[in-house]
Amino acid sequence: MLDIKALSAGYGPIHVLHDISLTVDPGEMVAVLGSNGAGKTTLFRALFGFADISAGELTFDGLDLRRTPPFRVARAGLVHVPEGRGLFPQMSVIENLMAPVYAQRSQRGRSGQPLNYHDDLDMVFELFPRLRDRRAQAAGTMSGGEQQMLAIARGLMARPKLLLLDEPSIGLAPKMVDDVFDRLHQIHDSKPDLALLIVEQSVADTLALCSRGYLLERGVIVSTGSSEELGGSATVEEAFLGTSQPLGQP
Ligand code: ATP
């Protein structure tokens, strides 16, 4: 479904990613591991045209991403939950959740079919009951963990085929990190057709969630394999030495 071939990208004269090839099939959970500055966020930015691409082919569900504007990419089902969450802090929980619905409605114009979002809302409230209780609260006043849950829930409201999650555990206490990963397991169980590409430094949690992954170091994929292989790999261990995250088998 997502096919990245020989991607090189960066920002103007700064070259960040070199010759990256990566695929995600429908329903697959795939990890991109990498320490700070490895180029994980840049990889996601490149998919939406927010980094300068100097070489490579990027396709999603048959769409050439290098020639498709970001809103069309999102409408095709490639949905990004950014690092730092990208919420509208002054807006309520429900307004944030409805943002993808309003965006789709305005793209379809007045003559478009009305969108039925009630089932989607029920689905996200079932996964994240606290959001139902806090629906009127301003997103910016929620705790870090709650904001992360809201960002994932908002991503789901956009009806993704592939959800791109950029470091969902960043800045969260260990208990909250566990909660976030529990929800991701739950999402995988309840939506087996939904694919997920997750970039993370929380190695053990991520490998326990995903079936396979890639290790990115200084903009280059230095290792790829099943989660079992990566969990036991000396290369992965070395890449993360000095971080607080314990490594381990999934
Ligand atoms: P982290 O885990 O710390 O978020 P990352 O793996 O997501 O890191 P990126 O944010 O993709 O890494 O950054 C990769 C490199 O690109 C870094 O050296 C960074 O300084 C550089 N970079 C990122 N954004 C820009 C930008 N807008 N202009 C110039 N250089 C940038």
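The values are calculated or read from the model by the stated rules, or taken from the named source; none is laboratory data. None of the values given here were measured: they were computed from a predicted structure. In case anyone asks, the SASA skips ligands and DNA or RNA and just uses the protein heavy atoms, side chains included. Shrake-Rupley method; radii C 1.70, N 1.55, O 1.52, S 1.80 Å.
Given a 10 angstrom Cα cut-off, can you work out which residue in ASN116, ASN36, ASN96 is the most mobile in a GNM of the chain?
Of ASN116, ASN36, ASN96, the Gaussian network model singles out ASN116 as fluctuating most.
Would you mind telling me the share, in percent, of accessible area of segment 119-230 contributed by carbon and sulfur at probe 1.4 angstrom? Can you show the working numbers first?
Values: 2160 of 4520 Å².
C and S atoms contribute 48 percent here.
Where only protein heavy atoms count, and the probe is 1.4 Å, what is the accessible area per residue for the chain in Å²?
On the way: 11640 Å² over 250 residues.
Result: 47 Å² per residue.
Rounded, prolate or oblate: which fits the chain, taking a ≥ b ≥ c as square roots of the Cα gyration tensor eigenvalues, rounded meaning a/c under 1.5, else prolate when a/b beats b/c? Don't skip to the answer; put the middle values down first.
Working: a/c = 1.79, a/b = 1.25, b/c = 1.43.
Oblate, because a/c is 1.5 or more while a/b does not exceed b/c.
Is it possible to state the helix-based mean residue ellipticity at 222 nm for the chain, with each DSSP H run of 4+ residues giving -39500 (n - 2.57), the sum divided by total residues, to the nearest 500 deg cm²/dmol? What is it? Kindly include the intermediate steps, with their values, before the conclusion.
Values: 10 runs with 95 residues, N = 250.
When only DSSP H runs of four or more count, the value is -11000 deg cm²/dmol.
Could you calculate the contour length gain from MET91 to GLU228, that is, 0.36 nm times the residue separation minus the distance between their Cα atoms, to one decimal place in nm? Walk me through the numbers on the way to the answer.
Numbers: separation 137, 0.36 × 137 = 49.32 nm, distance 4.18 nm.
Between MET91 and GLU228, full extension yields an extra 45.1 nm.
Extension gain ASN36-ALA204, at 0.36 nm per residue separation less the Cα-Cα distance, in nm? Spell out each step's value before the answer.
Numbers: separation 168, 0.36 × 168 = 60.48 nm, distance 1.67 nm.
Here the segment from ASN36 to ALA204 would lengthen by 58.8 nm.
Looking only at PHE48, PHE71, PHE60, which one moves most when the chain is put into a Gaussian network model with springs between Cα atoms under 10 Å?
Maximum fluctuation in the GNM of the chain, among the listed residues, is at PHE71.
Report the gain in length on full extension from ARG130 to VAL220: 0.36 nm times residue separation, minus Cα-Cα distance, nm rounded to one decimal. Don't skip to the end; give the middle numbers.
Details: separation 90, 0.36 × 90 = 32.40 nm, distance 3.95 nm.
Result for the pair: 28.4 nm of gain on full extension.
Compute the Cα gyration tensor for segment 121-171, then decide on rounded, prolate or oblate, letting a ≥ b ≥ c be the square roots of its eigenvalues: rounded whenever a/c is under 1.5, prolate when a/b is larger than b/c in the other cases, and oblate in all that remain.
Numbers: a/c = 2.15, a/b = 1.12, b/c = 1.92.
In terms of gyration-tensor shape, oblate.
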